[in-house]
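None of the figures in this text is laboratory data; all of them are computed from the coordinates on show. Every value quoted in this text rests on a predicted model; they were computed, and no experiment measured them. Cβ placement follows ideal geometry from the backbone for every residue including glycine, while neighbour counts extend to all protein chains displayed.
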Amino acid sequence: MIIARSVSELRKALDIKGGSIGFVPTMGALHIGHRTLIDAARKANDMVVVSIFVNPTQFLPGEDLSKYPRREEADFKICELSGVDILFYPDVSAMYGEDEVRICAPDVRGFILEGASRPGHFDGVLTVVMKLFNIVRPTRAYFGKKDAQQLALITQMVNNFFMDIEIVPMETVRESDGLALSSRNVYLNAQERQEALKLSSALKKATEIVMQGNTKSDYIKARMEETLLPLDVEYVAIVNRAFESLDEVVIGDTIVLVAARVGSTRLIDNVWM
Ligand code: AMP
């Protein structure tokens, strides 16, 4: 595995091998969720590139940028054992200069739900992903459905800017009790870890209600909110794949989303129907 710490090192490494490139952008503290993205990239491409970069521009002031988990040694081992060909591991100065051009998230879809809770977050996400895509020039890029709005906005950016990259959505990987894997789960103490299960329980409840034939969004959201008590809920939402609010679940075109704070940790989860 080649570890590239600068854009020029990465470009040199990419020149050695030809063929299709599968790309998995991450912020590190790798877990099985990241592994499934890497495995999928491995299977479908001649070469796999993973980036690990805790992107400062997607964190708002007061968020967890400085304490975001960093696991250099373990992450390098996981990448190596997963058959990653090139690991891009830049520092902030390799990625950003002064007074730069930025990508703006769309006015509506970029500023609802996650974008309302974290205004400006998606500008930072789209800017860094644009930079990474231009450096790596992947054939396919792999993103988790767990970050559903991020996945939708990156797909939109690729379409809006006529970029020749296939975005591959990947299912959310969960612990056996339902908790969605997240690098931020390490912030949870034992009691919070238990309370965090309320997010996946609420989504399970939504699925049960729909399977029983009730597709009314208001009813489903009310039952989910009951399940989430006493967590500090930021939003419960039912939208279509274009992130437009739905009064009723449409099977095949619905995402049910939840964001809540467990102690001081902000968690998100969703289910696609
Ligand atoms: P992150 O390191 O949190 O920025 O995540 C990097 C990529 O891994 C993103 O595309 C995430 O959506 C994806 N990801 C994070 N958690 C999971 C999970 N539990 N299952 C599948 N993909 C995930």
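Listed values, structure above:
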{"quantity": "Order by protection proxy (mean Cβ within 10 Å, highest first), peptides 139-151, 253-265", "calculated": "139-151, 253-265"}
{"quantity": "Degrees between helix 197-211 axis and first principal axis of the chain (Cα, 0 to 90, nearest 10)", "calculated": "60 degrees"}
{"quantity": "The chain: relative contact order as a whole-number percent, Cα under 8 Å and 6+ apart", "calculated": "17 percent"}
{"quantity": "Listed residues F23, F59, F122, most fluctuating in the chain (Gaussian network, C-alpha, under 10 Å)", "calculated": "F59"}
{"quantity": "Separation of the R193 and S8 label points, Cα + 7 Å toward Cβ, nm", "calculated": "4.6 nm"}
{"quantity": "Cα-based Rg / Dmax (Å) for the range 183-268", "calculated": "13.3, 38"}
{"quantity": "GluC sites (Glu not before Pro) within the range 65-127, DSSP loop, no more than 11 other Cβ atoms inside 10 Å", "calculated": "E98, E100"}
{"quantity": "Calculated P(r) of the chain - Cα pairs past 24 Å, %", "calculated": "51 percent"}
{"quantity": "Net dipole in debye of the chain [+1 Lys, Arg Cβ; -1 Asp, Glu Cβ; about Cα centre; nearest 20]", "calculated": "480 debye"}
